[in-house]
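The values are calculated or read from the model by the stated rules, or taken from the named source; none is laboratory data. As the structure is a computational prediction, the values presented were derived from the model and not from experiment. Quick reminder, even Gly has a Cβ in these numbers, built from the backbone with ideal geometry, and neighbours come from all protein chains shown.
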Amino acid sequence: QAKQEARGYFRLFDGEQDKRTHARREMLRRLDLAMENKELRLYYQPKVDMPSGRVLGFEALLRWFHPERGMVPPGEFLPVVESSDFIIRLGEWAMREALAQAVSWRRAGLETCISVNIAGRHLQLPDFPERVRHALADVPGARADSLEIEILESSILDDMAHVREVMRACAGMGVRFALDDFGTGYSSLAYLHQLPAATIKIDQFFVRNLFEQREDPAIIQAVVQIAQVFGRELVAEGVEDPEHGMLLVAMGCHIGQGFGIGRPMAAEAVLPWVAGYRARREWTALQGLAWH
Ligand code: C2E
Ligand code: MG
Ligand code: MG
Ligand code: MG
């Protein structure tokens, strides 16, 4: 009886597995096509110094313009293909696309840095620095200082020593790194200490709940101090309202990214957005005041 049940269970389990494998394969096939048909595009979200209103850079965020479903956000398909080589092709494409965009903006008078999200599987390739070098060589006029690579802690943990070497090699070329979603993974001070990431991005979870959860201001305060001690640039994600920005500036986190500053936008919208962007008065007024 138990044996039979067990067999039934395994059959059920296999069925589920099959379905998932099938769905994943189907998604990969569809994404290959999407890349070929140029349905994949990068949107750009600004990163600003909140008190001065200076635009410091843009993060490239993937969008899939599906012929039937319209715009599909990356959260709906990237997790399914993260463990496949598609994520590597995507990253290679995104680096070149972003570098070319930076060249084109520079020609139009906007000197800026673009951050590209790179998956752990990609970063962990033994020849990752070579791949970055090739991307820089492939794009005419590309400059290393216009590229920043955003990585998640989860992509480092598996192979800390190797990733550190990869990061050092890229940093040697002038490419910067940012630790994305800081505070949600296994952040440890030891890791941070060993990694040459110039920037820490505090996860939007802590920022968005700034007024709802009692402990979040304390967490942000702690990360501000960590960034100071380690000499890293700190960026707050998820600045949705002016009040978030005010509290962040008052706490010493001056760089922000979020819907309350600028939403991710098509490349064509960026130059007009930059021309029209002004610092918020309430943010400027707080500059230099101390938070207690
Ligand atoms: P991420 O790198 O942490 O990017 C930030 C996400 O937060 C983006 O979502 C952005 O649109 C969203 N966001 C920005 N400001 C606000 C705000 O004020 N409020 C709220 N609620 N959300 C805000 P998106 O574009 O859907 O991307 C989700 C994740 O997908 C990214 O998280 C990143 O991990 C991944 N991703 C996006 N593009 C790429 C890519 O080209 N390659 C790879 N490997 N991953 C990517
Ligand atoms: Mg990111
Ligand atoms: Mg993030
Ligand atoms: Mg994220």
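Using the structure shown, decide if residue 166 is closer than 26 Å to residue 81 by Cα and away from ligand 3 (no atom under 16 Å from the Cβ). Against the criterion (closer than 26 Å to residue 81 by Cα and away from ligand 3 (no atom under 16 Å from the Cβ)), residue 166 qualifies.
So if I check each of 242, 217, which one is surrounded by 14 or more Cβ atoms within 10 Å (Cβ to Cβ) and more than 14 Å from ligand 1 (Cβ to nearest atom)? I'd like the intermediate steps shown before the answer.
Working: 242 fails: more than 14 Å from ligand 1 (Cβ to nearest atom).
Unique residue meeting the criteria: 217.
State yes or no: is residue 164 touching a Leu at 6+ places or on another chain (Cβ under 8 Å), modelled with pLDDT of 85 or more and surrounded by 16 or more Cβ atoms within 10 Å (Cβ to Cβ)?
Working: touching a Leu at 6+ places or on another chain (Cβ under 8 Å): yes; modelled with pLDDT of 85 or more: yes; surrounded by 16 or more Cβ atoms within 10 Å (Cβ to Cβ): no.
No, not satisfied.
Check the stretch 120-134 and report whether any residue there is in contact with a Leu (Cβ under 7 Å, 6 or more places away or on another chain) and touching a residue at least 40 places away in the same chain (Cβ under 8 Å). No, the stretch 120-134 has no match at all.
Mind listing just one residue for me: the one in the stretch 190-217 that is of a type in the set (D, E, K, R) and part of a helix (DSSP H, G or I) and, of those, modelled with the highest pLDDT?
Per the criteria, the residue is 208.
Would you pick out the residues in the stretch 135-152 that are in contact (Cβ under 8 Å) with a residue 60 or more places away in the chain and in contact with an Asp or Glu (Cβ under 8 Å, 6 or more places away or on another chain)? Steps first, answer last, please.
Of the residues in the stretch 135-152, the ones in contact (Cβ under 8 Å) with a residue 60 or more places away in the chain are 148, 150.
150 - this is the single residue of the stretch 135-152 that is in contact (Cβ under 8 Å) with a residue 60 or more places away in the chain and in contact with an Asp or Glu (Cβ under 8 Å, 6 or more places away or on another chain).
Taken over the stretch 203-221, residues that are of a type outside the set (S, T, N, Q), farther than 17 Å from residue 254 by Cβ and more than 21 Å from the chain's Cα centre (by Cα) amount to 6. When residues in the stretch 58-104 are screened for being more than 18 Å from residue 135 (Cα to Cα) and part of a helix (DSSP H, G or I), 7 of them pass.
Annotation note: of 185, 174, the sole residue that is crowded, with 17+ Cβ neighbours inside 10 Å and either at pLDDT below 95 or not acidic (Asp, Glu) (or both) is 185.
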